[in-house]
């Protein structure tokens with residue numbers, strides 16, 4: 001049985017996936033940029049956690065990548081695919097609906 005910590009972790013990983021798709025929908029991004037963006041929002045994520053998520057999103061056709069040389073190093077840039085954009089829009093709608101419902105009677109207002 002999953003602990004409450006594991007349940008919260010799964011929830012936040014879902015939000016992180018949506019956040020990555022959102023960020024990548026604004027233009028090509030690379031791993032360090034994503035880590036910095038997630039850190040700005042309070043997520044502490046290292047490359048060992050991020051890159052498997054990026055790989056998963058790419059395998060599922062939600063992200064695409066190109067590899068280019070930057071500063072003498074190979075760098076992989078990610079952007080959303082058409083399917084990723086549709087998934088992001090659906091995820092946004094569902095997240096907004098859920099947040100509105102669970103905060104309806106609370107002091108937290110969105």
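Scan (1) out of contact with any strand residue (DSSP E or B) (no Cβ under 8 Å at 6 or more places or on another chain); (2) outside any helix (DSSP H, G or I); (3) modelled with pLDDT of 95 or more for the single condition residue 2 breaks and write down its number.
(3)
Within the set of pairs 6+ apart or on separate chains, which have a first residue in the stretch 1-19 that is within 16 Å of residue 38 (Cβ to Cβ), a second that is in a helix (DSSP H, G or I), and C-beta atoms under 6 Å apart?
18/91
Taking the stretch 69-110, which residues are over 17 Å from the mean Cα position of the chain (by Cα) and either modelled with pLDDT of 95 or more or on the phi > 0 side of the Ramachandran plot (or both)? Steps first, please.
First, pick out the residues of the stretch 69-110 that are over 17 Å from the mean Cα position of the chain (by Cα): 69-75, 97-110.
Those that are over 17 Å from the mean Cα position of the chain (by Cα) and either modelled with pLDDT of 95 or more or on the phi > 0 side of the Ramachandran plot (or both): 71, 72.
Go through 51, 23, 43 for me and flag whichever is free of Cβ contacts under 8 Å to residues at least 40 places away in the same chain, surrounded by 10 or more Cβ atoms within 10 Å (Cβ to Cβ) and assigned to a loop (DSSP other than H, G, I, E, B).
Values: 51 fails: assigned to a loop (DSSP other than H, G, I, E, B); 23 fails: assigned to a loop (DSSP other than H, G, I, E, B).
Step by step, each of 51, 23, 43 is checked, and only 43 is free of Cβ contacts under 8 Å to residues at least 40 places away in the same chain, surrounded by 10 or more Cβ atoms within 10 Å (Cβ to Cβ) and assigned to a loop (DSSP other than H, G, I, E, B).
The values are calculated or read from the model by the stated rules, or taken from the named source; none is laboratory data. This is a predicted model, so every value here is computed, not measured. Here the Cβ is made from the backbone with ideal geometry for all residues, glycine too, and neighbour counts use every protein chain on show.
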